[in-house]
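For reference, the structure discussed in these notes is given below.
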Amino acid sequence: MNFLAYAFMQRALIAGALIGATAGAVGVYVVLRGFSFIGAGIAHAAFGGVAIAILVGVNPLWGALVFSLLVAWGIAYTSRRGHLKEEVAIGILFATAMALGIFLLRFVPGYRADLFGYLFGNILAVSSTDLVASFALAGAVISVIALLYKEFLFVTFDPVMAEVAGFPVGILQGALLSLVALTVVLSLRVVGAVLVAALLVIPAATVYQFVRDFHRLLFLSAALGVGEVIGGLTVSFYLNTPPGPTIVLLSAAIFVVALGRRRR
Amino acid sequence: MKPVVELSDVWVELGGHTVLEGITMTVGEGEFVSVVGPNGAGKTTLLKVILGLIRPGQGEVRVFGKAPWALGRDRARIGYVPQTEEVDLSFPIRVIDVVLMGRYGALGWMRRPAAADRRAALEAMELVGIGDLADKVIGEISGGQRQRAFLARALAARPDLILLDEPTTGVDPAASGSFYDLLHRIQGRGVTILMVTHDIGVVSQFVDKVACINRKLVVHGRPEEVVTDEVLAEMYGCAALFFHHGRAPHMVVRPHRAFRREGER
Ligand SMILES: Nc1ncnc2c1ncn2[C@@H]1O[C@H](COP(=O)(O)OP(=O)(O)OP(=O)(O)O)[C@@H](O)[C@H]1O
Ligand SMILES: [Mg+2]
């Protein structure tokens, strides 16, 4: 039976492709800035937001959006002021937000299964409303990267010179972290808070083994992201395995092969 | 001579310590000034004040007649080569693209570099003698070549003022000689240059003025007036002597009686 015949599978593939492209592109900045930990941090914070949203009875994705953006700007602000290193700020923020989520779980017993879905994702339950939201989020993230390509390259490569040249480095770094936050929210339904960091890091790290040109890295990482999500979904359909972990394991396997054949 | 950089009674405190004490100095248009002083003297801090990266606690700073944090479009008229480029050498970026970053400030928001910017970048690379390295990755060239690339980036904007912080660290003597020659030629086009260096003996033959800094501005004047035992002793806290031998001055750290007066006459 051709898996494309199922409507839920078509929606899953479209959502997956959008996530793969977005996470692949945003992941380039995550990998080059060396803040892979931030993706995981923001994702766990988003999970805290989901729990609160369920508790107060609004769409969980709004909770995730607000929480992850707050954490993104919190990290940008604290590290910019030089109070704390980024890594320390994230360590504190993400554990706290996650603890809050699990703490609140105690008060929403009826929704545990639902929360579990946000932790590990459920790509096969993507609705057509989710799909519209995915198009909007992915479109927003990719347009911002296209418009601010030069600015983001500058602050990622050399923030001091970017500041000397008159660019608002703090705001640009906050904007980059916001893109990470939006990507996390976009991916939450599909791969879940625990695994989204893998989508942000693995495609970029894989292409990085071969490519020495930033522009090409951005494109190829987005393309590989699409390929890996779609490939993982297809495999999970035929092997009847959970989609999120299948995608991550496939990506990790491709990364290991790439590491073996790297040319630099 | 029109002043390009003016500092009057500038005080800077960092982490509870006074780093600069009442610095007053002026750099005129087209001048080549070198800043010397021991480690921790505040030389880098001085450049950062001029760039607007550090705001003085007291005193006034003017660059092109404006406060450094309110330069607006004039910001693109400044080129800067930092002391240690804290860039990631594994970053996947080609030398030409790094040099092109020198044009970003003038381009403004969201505009991509065009053919004219590329031409300016390549021209700057030719000027510093790395025209053939355009397509190399930044991490795959030598330290000295990279230093030239950062100078090319500063030149690519065709700046009217260049600030350099120990630009020849890690550059071999022959190359640093031609580097200073190059700066001298750039100065010939009317560009104002302010350079921090420890190569005091060598640069004395190129620069118009030397500013000796050790928290305070010890002296600021023509090299032959400034580079004396007394000044160097005050600055470095040890006796040192410069004597001129032909055009090139030499530094002797332990003063030698026989050479003592010869150096100044
Ligand atoms: N961010 C900072 N916080 C606190 N103190 C600082 C900071 N940056 C520099 N300092 C102090 O200010 C003083 C001057 O530093 P600066 O970097 O300007 O010296 P420098 O003359 O450039 O030295 P070097 O020759 O080693 O480059 C030093 O004592 C240094 O410890
Ligand atoms: Mg210094």
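The values are calculated or read from the model by the stated rules, or taken from the named source; none is laboratory data. Predicted model, so just to flag it, every value in this text is computed and none were measured. Glycine also receives a Cβ, built like all others from the backbone with ideal geometry; neighbour counts cover every protein chain displayed. Side chains are part of the model used for accessible areas, which takes the heavy atoms of the whole protein and leaves out ligands, DNA and RNA. Shrake-Rupley method; radii C 1.70, N 1.55, O 1.52, S 1.80 Å.
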Hull volume per residue for the range B:72-151, using the convex hull of the C-alpha atoms, in Å³ is 106
For the range A:68-201, calculate the relative contact order in percent as a whole number, restricting contacts to Cα pairs under 8 Å that are 6 or more residues apart.
42
Please give the average number of partner chain Cβ atoms lying within 10 Å of the Cβ of each residue in B:75-83, rounded to a whole number.
2
Note: the range A:184-264 at 10 °C, 1.306 mPa s; Kirkwood Rh on alpha carbon pairs; Stokes-Einstein D in µm²/s works out to 123
Using only the Cα atoms of the range A:131-239, what semi-axes does the equivalent ellipsoid have when each is the square root of 5 times a gyration tensor eigenvalue? Give whole Å, largest first.
28, 17, 11
Chains A and B together, accessible area buried on both sides, 1.4 angstrom probe, square angstrom:
2600
Give me the aspartates and glutamates in straight-line cross-link reach of residue B:43: C-alpha distance below 15 Å, same-chain residues under 8 apart excluded.
B:13, B:21, B:165, B:166, B:199
Where a ≥ b ≥ c are the square roots of the eigenvalues of the C-alpha gyration tensor, would you call chain A rounded, which needs a/c under 1.5, or, failing that, prolate if a/b is larger than b/c, or oblate?
oblate
Projected onto their principal axes, the Cα atoms of the range B:71-206 stretch, largest extent first, over whole-Å spans of 45, 34, 24
Expressed as a rounded percentage, what relative contact order does the range B:57-158 have, with Cα pairs under 8 Å and six or more residues apart?
37
Can you send over the solvent-accessible area of residue B:112, 1.4 Å probe, protein chains only, in Å² to the nearest 10?
110
Rounded to a whole %, the carbon-and-sulfur portion of the accessible area of the protein assembly as shown at a 1.4 Å probe is 59
Send over the semi-axes of the range A:1-142's equivalent ellipsoid, whole angstrom and largest first, taken as the square roots of 5 times the C-alpha gyration tensor eigenvalues.
28, 21, 12
How much accessible surface area, in Å² rounded to 10, belongs to the heavy atoms of residue B:6 with a 1.4 Å probe?
60
Averaged per residue, what accessible area in Å² does the range B:51-175 show with a 1.4 Å probe, protein chains only?
43
Euclidean distance between Cα centres, the range B:56-132 to the range B:136-180, Å
13
For residue B:96, what accessible surface area do you get with a 1.4 Å probe? Give it in Å², rounded to 10.
10
Let me have the relative contact order for chain A, percent, based on Cα pairs under 8 Å that are six or more residues apart.
33
Under the Kirkwood approximation for Rh and a Cα-based Rg, what ratio Rg/Rh is obtained for the range B:1-110?
1.00
Which percent of Cα pairs goes in each bin when the distances of the range B:111-188 are cut into 10 angstrom slices starting at zero?
18, 53, 26, 3
What's the Kirkwood radius of the range B:1-65 in Å, using all Cα pairs?
12.2
Average projected area of the Cα convex hull of the range A:170-228, in nm²?
4.6
Ranked by how many other beta carbons lie within 10 Å on average, peptides B:70-78, B:39-47, B:7-15, A:188-196 from highest
A:188-196, B:39-47, B:70-78, B:7-15
Size of charge dipole - the range B:96-220 - debye, nearest 20, with Cβ of Lys, Arg +1 and Asp, Glu -1, no other charges
460
Taking every alpha carbon pair in the protein assembly as shown, what does the distance histogram look like in 10 angstrom bins from 0, in percent?
4, 17, 23, 20, 15, 11, 7, 3, 1, 0
